[in-house]
Amino acid sequence: MLEKYSSSNPAYRLRPGFRFAFSAPSHAIALFFGAGCLRPGPGTWGSLAAALVFLLFETLIPASLLWVPGVLAFLIGVWAAGRTGDDLGVQDAGAIVIDEVAAVWLLLSVIPPGLLTAGFAAFRVFDIIKLPPASIVDRKLHTGFGVMLDDLFAALWAWAALWAIARLTGLALV
């Protein structure tokens, strides 16, 4: 689970810069226009960038369609993460954050706007600890689809945790 963040793991040590991020469309998408180049914690920076862009979506897109950018980011992210992983020589390099972006957008599209911070925090926790099936996908599926899928499972765990907390406290989640 946390071995992904070990200093000996090449996926964690690899640090592409902004020049790499903008050297190809797939890199720009996979590194979410440079958010994945930020240190420490590129996954957190990518998730934060996604949350901020989602705030913009809320002003431009009807609430019933807020899930669409997440689905599109997931589909395009499969290609971009796979291609960028191939170019870097590491399939799930820490700098690849389009998986966090798609998952955060999907999660935030199904929770009330006032829970954006809680959604962001819950997602980061479940993205880091990688409960099954995310941990299985992370270990066994080394493709662009695998990179994207494990974060989708983290978003599902985050939603389930928020739902459980809402049920216990009497808050409305959806």
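Observations, loosely collected:
- Extension reserve of the VAL110-LEU168 stretch, reckoned as 0.36 nm per residue once the Cα distance is removed: 19.0 nm
- Here the simple spin-label model places points 7 Å from the Cα toward Cβ, and for VAL68 and SER23 these points are separated by 3.5 nm.
- Total formal charge among the other residues, if their Cβ is under 14 angstrom from that of TRP159, Lys/Arg +1 and Asp/Glu -1: 0
- Under the Karplus curve 6.51 cos²θ - 1.76 cosθ + 1.60, θ = phi - 60°, whole-Hz ³J(HN,Hα) for the stretch 86-91, x wherever Gly or Pro sits: 4, 5, 7, x, 9, 4
- Here the 3J(HN,Hα) profile of the stretch 146-153, calculated from phi with Karplus coefficients 6.51, -1.76 and 1.60 at θ = phi - 60°, is x, 4, 6, 5, 5, 6, 5, 5 Hz, Gly and Pro shown as x.
- Highest average packing first - 81-90, 20-29, Cβ atoms within 10 Å: 81-90, 20-29
- Per residue, the chain exposes 49 Å² of solvent-accessible protein surface, assessed with a 1.4 angstrom probe and all protein chains in place.
- For the stretch 1-146, taking Cα atoms only, Rg and Dmax work out to 14.5, 45 Å respectively.
- Apolar share of the accessible surface for the stretch 1-145: 72 percent from carbon plus sulfur atoms, 1.4 Å probe.
- For the chain, adding -39500 (n - 2.57) for each run of n ≥ 4 DSSP H residues and dividing by the number of residues yields -20500 deg cm²/dmol at 222 nm.
- Just checking the listed ones, LEU107, LEU156, LEU141: in the Gaussian network model of the chain with Cα springs under 10 Å, the one fluctuating most is LEU141.
- Distance from the Cα centroid of the stretch 126-174 to that of the stretch 48-82 is 17 Å (rounded to whole angstrom).
- Using alpha-carbon coordinates, inclination of helix 116-129 to the longest axis of the chain, degrees: 50 degrees
The values are calculated or read from the model by the stated rules, or taken from the named source; none is laboratory data. Fair warning: this is a prediction, and the values are worked out from it, not measured in the lab. All Cβ positions, glycine included, derive from the backbone under ideal geometry; neighbour counts span all protein chains shown. These accessible areas exclude ligands, DNA and RNA; they are computed on the full protein's heavy atoms, side chains included. Shrake-Rupley method; radii C 1.70, N 1.55, O 1.52, S 1.80 Å.
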